[in-house]
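Q: One structure is given below, represented as C-alpha cells, and several questions about it will come after.
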C-alpha cells in the first residue's frame, strides 16, 4: 500500500487539525479553532452513524485541538501559539506510531473501515507499514522544522513552515513512491531478455522488496534470484481441500497432487490480482466475490523455499469455496476434494507434491500449537 492510499485512509483523523490550520490563516485563531472543532465533531458523529462506532483518531485530534487552542487563547503567549502545530502533530505522530506497534489486525481493521471496498491482506502489511513509517518520519521532520522556525525565524517564515510545508513534504514522498512504481513497471516492459510469451518475474531482496525484473528463465537458472510464488488452498465447509493432479510427463511433480493453484506472480501485478486471474484461467470458474459467510482469500503462510533450480518467496492463501469446479481442462489433469484423513495418510507415499506435504506439515504444527495454548 502506497502513501497516497494510506493518507486517504487517515485523512479523516487529520482533518480537524488541517482545517484549523487553513481557517486560522484566513480568519484568525478563534474562528479557525471553532471551525476545526466543528469539523471534528461532525466527523465523529458521521462515523458513529455510518460505522456504529467512534473513530478514535478523530476524537483524539478534536479534543487535543480544543485543549491546545483554549490554552493558547488564555495564555496569549506567542511562543506557545507558534508551538501549537508541533504539539498537535506530535500527538498525531504518537497515535500513528502506535498503529505500527499494535497487532496488525488493528491497522488492517482501521484502514479497511476508512476505505470501503478495500480488502487489506497480510501480503499488503509490509508495504502499509513502510508507508506509515514514512508518514511518521515526515511528521517528525515537520515538527522539528516548526519548532526551529518558531524560535529562530520571522513570523511569515514560521507561517509557511508550520502550515504549507507539511503538504509539500507529503507531496514529495508521494512523488518519490510514484516514480519508484513507474520505474519497476518500466523495467518489466523494457527488459529485453525474455523470449516470446515468457513472463517477467520480480526479483526480491531479503525483505521482499523488488530490486529488478528478469525473465522467468533467468530466475530458474539456479538458486539466488528470489521471486514470488503464489499458492492457493481451497477448502469447503467440511474442511476438505480441493487438490489438482499435474498431468504426467516431464518436469518436477508430474503426476502428483498439489494445491488448487500454484503459480508465479509476474512483475507489476499484486498477489491478489494474480489470484483472481489464475483462479478463472486454471480452475474454469470466476473467483467468488467476498460475502459475510465467504471472505476473500487470506494469506496464512509466508516462507522462503530453496532448491537446486530456484529461490521462491512463497505466499500461501486459503479460500473457503464449495465449488463446483468443471473438469480439469489439462490433458491428463484431474481435480477433486480430499478429506483431511486421506491427505495425511498419503504423505510420504509419492502421491502428494513435496510443497503440499511441507505446507500440510506447517498446518499440523500450527494446529498443535493452538491446542497447547487452549
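The values are calculated or read from the model by the stated rules, or taken from the named source; none is laboratory data. Computed from a prediction, not measured in an experiment: that's the story for all the values here. A quick note on method: Cβ atoms are made from the backbone with ideal geometry, for glycine too, and the neighbour counts reach across all protein chains shown.
Q: What residue, of 334, 272, 310, 306, is surrounded by fewer than 12 Cβ atoms within 10 Å (Cβ to Cβ) and on the phi < 0 side of the Ramachandran plot?
A: None of the others qualify; the one that does is 306.
Q: Further question on the same structure: Does residue 267 satisfy being touching a helix residue (DSSP H, G or I) at 6+ places or on another chain (Cβ under 7 Å) and modelled with pLDDT of 85 or more?
A: No, not satisfied.
Q: Now for a different question. Among the residues of the stretch 247-268, write down those that are surrounded by 15 or more Cβ atoms within 10 Å (Cβ to Cβ) and farther than 16 Å from residue 352 by Cβ.
A: 263, 264, 265, 266, 267, 268
Q: So which residues in the stretch 22-46 are surrounded by 20 or more Cβ atoms within 10 Å (Cβ to Cβ) and at pLDDT below 75, if there are any at all?
A: Correct list: 24 only.
Yes/no per residue for (1) surrounded by 18 or more Cβ atoms within 10 Å (Cβ to Cβ); (2) at pLDDT below 80; (3) under 24 Å from residue 81 (Cβ atoms); (4) outside the structural domain of residue 314 (by TED's automatic domain parsing):
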| position | (1), (2), (3), (4) |
| --- | --- |
| 106 | no, yes, no, yes |
| 125 | no, yes, no, yes |
| 141 | no, no, yes, yes |
| 147 | yes, no, yes, yes |
| 154 | no, no, yes, yes |
| 161 | yes, no, yes, yes |
| 173 | yes, no, no, yes |
| 178 | no, yes, no, yes |
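Q: Also: Can you name every residue in the stretch 72-89 that is touching a residue at least 12 places away in the same chain (Cβ under 8 Å) and surrounded by fewer than 17 Cβ atoms within 10 Å (Cβ to Cβ)?
A: Answer for the stretch 72-89, where residues must be touching a residue at least 12 places away in the same chain (Cβ under 8 Å) and surrounded by fewer than 17 Cβ atoms within 10 Å (Cβ to Cβ): 73, 79.
Q: How many residues are assigned to a helix (DSSP H, G or I) and touching a residue at least 12 places away in the same chain (Cβ under 8 Å) if we restrict to the stretch 156-177?
A: 11
Q: If a residue must be assigned to a helix (DSSP H, G or I) and surrounded by 14 or more Cβ atoms within 10 Å (Cβ to Cβ), how many such residues does the stretch 278-289 contain?
A: Residues that pass the stated criteria total 4.
Q: Let me ask you something else. Could you look through the stretch 336-354, keep only residues that are part of a helix (DSSP H, G or I) and in contact with a strand residue (DSSP E or B) (Cβ under 7 Å, 6 or more places away or on another chain), and pick out the one that is nearest to residue 322 (Cα to Cα)?
A: Among those residues, the one meeting the criterion is 343.
Q: Here are 227, 231: which of them is at pLDDT 85 or above, touching a helix residue (DSSP H, G or I) at 6+ places or on another chain (Cβ under 6 Å) and assigned by TED's automatic domain parsing to the domain that holds residue 367?
A: Going through 227, 231 in turn, the sole match is 227.
Q: Hey, residue 197 hits all of (1) at pLDDT 70 or above; (2) on the phi > 0 side of the Ramachandran plot but one; which does it fall short on?
A: Failing condition for residue 197: (1).
Q: Also, quick follow-up: Among 339, 295, which is the only one that is in the same structural domain as residue 352 (by TED's automatic domain parsing), loosely packed, with under 14 Cβ neighbours inside 10 Å and at pLDDT below 85?
A: Only one candidate passes the filter, namely 295.
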